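A.B. asks: Before anything else, here's the structure in question.
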Amino acid sequence: MTAMEEARAVLASALGVSPGDIAEDTRIGTIEAWDSLGHMRLLLEIETALGHELDPDDAMGIESLEDVARVLAGRAA
């Protein structure tokens, strides 16, 4: 599974939508469920996938599917 595929699955799970509903250019506000509560659920899903808490700077920078993929891909760094 690529980082983008994993990011799509994590975002879909957090927002309660199908992974197919998440486009490559999905950002906060482009999906109705990605509101402030949805964003908190997303951060928790990412932390679960990573197995540790997010760095506050990383958490503040998550605004798109691409950002989620970047954070998940960076876990090995």
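The values are calculated or read from the model by the stated rules, or taken from the named source; none is laboratory data. On a predicted model such as this, the values are computed, not experimentally measured, just so you know. Don't worry about glycine lacking a Cβ; one is built from the backbone with ideal geometry, like all the others, and counts go over all protein chains shown.
A.B. asks: Report, by residue number, each residue of segment 10-36 that is surrounded by 11 or more Cβ atoms within 10 Å (Cβ to Cβ), out of contact with any strand residue (DSSP E or B) (no Cβ under 7 Å at 6 or more places or on another chain) and within 21 Å of L50 (Cβ to Cβ).
C.D. replies: V10, L11, A12, S13, A14, L15, P19, I22, I28, W34
A.B. asks: Do you know which of the residues in segment 51-77 that are exposed (fewer than 15 other Cβ atoms within 10 Å of the Cβ) and modelled with pLDDT of 90 or more is farthest from G16 (Cα to Cα)?
C.D. replies: Among them, the one singled out is P56.
A.B. asks: Select from segment 37-50 the residues that are of a type in the set (D, E, K, R) and either exposed (fewer than 15 other Cβ atoms within 10 Å of the Cβ) or modelled with pLDDT under 95 (or both) and list them in ascending order.
C.D. replies: E47
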